[in-house]
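Here's the structure we're looking at; comments come further down.
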Amino acid sequence: MTILNFGSVNIDHVYRVEHLVRPGETIASQDYHHFSGGKGFNQSIALARAGAAVSHAGRIGGDGVWLREQLAGEGADVRLLEVIDGPSGHAIIQVDATGENAIILFGGANRTITPTAAEEILDSFGGKDWLLLQNEISSMREILQLAGERGLRIVFNPAPMAAEVLDYPLDGVSIFVLNEVEGEAFTGATEPEAILAGMRRRFPTATVVLTLGADGAIYDDGAQRIHVPAQPVQAVDTTAAGDTFIGYFLAGLSAGDAPQAALELATRAAAICVTRPGAAPSIPRREEVSSEQ
Ligand code: RIB
């Protein structure tokens, strides 16, 4: 069984700074690197490194062919990742002394996906297939609608959150993986318990995984509630920690692991990710995660 990840691919320009730049301020960066990234790309890398069969659909420009090769090198199926004229998506990322980040996105090729192109891709999937989505590509509304009609098991990570997400056709979503900011946008609540209650009211049949950063994550499928604490680590760069969590969680779940085991695996993988710089390059391989037990 394949997981289709229909998502973004970015070139990340990462600047290490003493503090995140303030309005009107100019600061010098202490360091600069460019990495592969994009929430979609990172989640595909995490899935592949966790051992899942993943097919990545999306778009890049000619400047992003190396990203396609990197993904293929990890064992992901990249036949649905199209190279088009124009620039790839990119991200300008500041990382401060505590490992916290601030990100500006340029959509590029990620934002050229049309409803027709999305339909052609989704035509080859149905029934038992999983579809993983974030919110960095165009035609999200149509993708969600078509996937729901085809009965795909949709896992939705509403990141980055935007006002239009609240109007997406989300009734077909099986699993939401979201953080507190995204949870607040859906429910108006700020406390984890209230967010989970609000999500249950709004999406009665969906499973919700609420990630809480240093406080771990809470899983709620309506029948059971699981809290998995985060592993204490010294954060160097938190970029892609959420993506790592999602890829590992879904890899575990789709392989038949119980939610508790999938959550624990994902938590260990995310803890390793934050101890390393960069997005995709910081995502651990399965052997490293298992040996952390
Ligand atoms: O989640 C981290 C990712 O967000 C980065 O790799 C960046 O490209 C942005 O999409």
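Couple of notes before you dig in:
- Criterion violated by Leu4 - all others in (1) touching a His at 6+ places or on another chain (Cβ under 9 Å); (2) open to solvent by 10 Å² or more (accessible area, probe 1.4 Å); (3) away from the ligand (no atom under 16 Å from the Cβ) satisfied: (2)
- Looking across region 84-122 at every residue that is β-branched (Val, Ile, Thr) and exposed (fewer than 15 other Cβ atoms within 10 Å of the Cβ), the one that is nearest to Ser139 (Cα to Cα) is identified as Thr114.
- Test: residue in region 14-30 that is within 11 Å of the ligand (Cβ to nearest atom) and either in a loop (DSSP other than H, G, I, E, B) or touching a Pro at 6+ places or on another chain (Cβ under 8 Å) (or both): yes
- Of the helices (runs of 4 or more DSSP H) entirely within region 189-293, those holding at least 3 residues that are within 16 Å of the ligand (Cβ to nearest atom) and in contact with a Pro (Cβ under 8 Å, 6 or more places away or on another chain) occupy 259-273.
- Residue that is open to solvent by less than 50 Å² (accessible area, probe 1.4 Å) and modelled with pLDDT under 95, where the choices are Phe176, Phe125, Phe186, Phe203: Phe125
- Looking only at residues in region 206-226 that are touching a strand residue (DSSP E or B) at 6+ places or on another chain (Cβ under 8 Å) and among the polar types (S, T, N, Q), the one that is surrounded by the most Cβ atoms within 10 Å (Cβ to Cβ) is Thr211.
- Looking across Arg59, Arg49, one residue alone is of a type in the set (D, E, K, R), farther than 26 Å from Arg268 by Cβ and either part of a helix (DSSP H, G or I) or within 15 Å of the ligand (Cβ to nearest atom) (or both). It is Arg59.
The values are calculated or read from the model by the stated rules, or taken from the named source; none is laboratory data. In this text, all values refer to a predicted model and were calculated from it rather than measured experimentally. Please note: Cβ atoms are built from the backbone with ideal geometry, for glycine as well, and neighbour counts cover all protein chains shown. Ligands, DNA and RNA are stripped out before the accessible areas are found, and what is left, the full protein with its side chains, is counted by its heavy atoms. Shrake-Rupley method; radii C 1.70, N 1.55, O 1.52, S 1.80 Å.
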